[in-house]
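Notes follow once the structure below has been shown.
What follows draws every value from the coordinates through simple rules; no lab data is involved. Please read all numbers here as calculations on a predicted model, not as lab measurements. Note: ideal-geometry Cβ built from the backbone for every residue, glycine included; neighbour counts use all protein chains shown.
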Amino acid sequence: MRVNNVKKALAEKRPVVNGWLAIPSSYSAEIMGHQGYDAVTVDLQHGMIDFASALTMLQALSATPAVPLVRVADNTPAQIMRVLDAGAYGVICPMISTPEQARQFVSACRYSPEGIRSFGPARGLLYGGADYPQHANREILTLAMIETREGLANIDAILDTDGLDGVFIGPNDLSLTLTGAASAESTHPEMLAAIEWVVSRCREKNKIAGIFCTSGAAAAQRIAEGFNVVTPANDVMQLGRASREAIALARGNAIPTPGASGY
Ligand code: 3PY
Ligand code: MG
């Protein structure tokens, strides 16, 4: 089976830079996949992407060096199994708040006897290779999103889930619940403490800590703080910002700074 280069990098303690796709286009997926990201995630939760588009985006990513990942819309086994069959090499699952939810998530990603994934590997075979069924349980990356107060309180039990590779902080949702305002780069003391706490629990338990960021500079800061997987903004933020910068430069104006959410 094709090696999951994200898992390999993480095992070798190399940080992973992960692109993020919200635009439903195989062409923009292909462009992003060729830019040097270790992985690129197709976002089915907040991206404007249906399953038919996700399939063509995963096909496009397959022709690039980036490992294709999917952020599913929710913790529904059927959807998780479907994106894996479509060739996702890892799943990021939003809103995991309890160890039971984490177990359900991981179980949907694993074939028996480790889980309940139904057999029909489809594109898994095309992208992963003929021996995909024998090794998929080992190669598929599983990251549970921590974005609620309850998830934070249950972080130890969530990290102890068998087969869970680690967690991925959704800083907008987490700061919304902790501070009342969504902000990916919040400096509210409760958010700073929460982020430090998650990183330290991951380090202690030898699990991956990932986080969504609004820029490359913010992502570098997160790596310095101990995160192993960072997303330096999504395609929409990057497209909007690059356009605003080009327009400002063309007009001789100052380059506008993005808002707190990164858009
Ligand atoms: C969040 O910040 O809540 C996310 O889910 C990132 O996309
Ligand atoms: Mg979120």
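When each full DSSP H helix of the chain is screened for a Cα extent of at least 18 Å along its own axis and an average Kyte-Doolittle hydropathy of at least 1.0, none passes. The H on the amide N of M95, modeled in the peptide plane, is under 5 Å from the matching H of M145, E147, each at least 5 residues off or on a different chain.
Hey, could you get me the Stokes-Einstein D for the chain, Kirkwood radius over alpha-carbon pairs, 10 °C and 1.306 mPa s, rounded to whole µm² s⁻¹?
On the way: Rh = 18.5 Å.
Reported coefficient: 86 µm²/s.
Taking other C-beta atoms within 10 Å as the exposure proxy, S26, S200 rank S200, S26 from fewest upward.
Note on the chain: with charges restricted to the Cβ of Lys and Arg (+1) and Asp and Glu (-1), its dipole about the Cα centre is near 460 debye.
Counting neighbouring beta carbons within 10 Å and listing from fewest to most, the residues I247, I140 come out as I247, I140. Charging the Cβ of each Asp and Glu at -1 and of each Lys and Arg at +1, and nothing else, the dipole of region 1-133 about its Cα centre rounds to 300 debye. log₁₀ I(q)/I(0) of region 123-179 at q = 0.20, 0.25, 0.26, 0.28 Å⁻¹, via Debye over equal Cα point scatterers, no solvent, to two decimals? For the requested q values the scattering log ratios are -0.74, -0.92, -0.96, -1.05. Overall shape: oblate for region 33-132, with the ratio a/c of the largest to smallest alpha carbon gyration tensor axis at 1.5 or above and b/c at least equal to a/b. Could you tell me the center-to-center distance, by alpha carbons, between region 39-83 and region 194-263 in angstrom? Taking the Cα centre of each part, region 39-83 and region 194-263 sit 21 Å apart.
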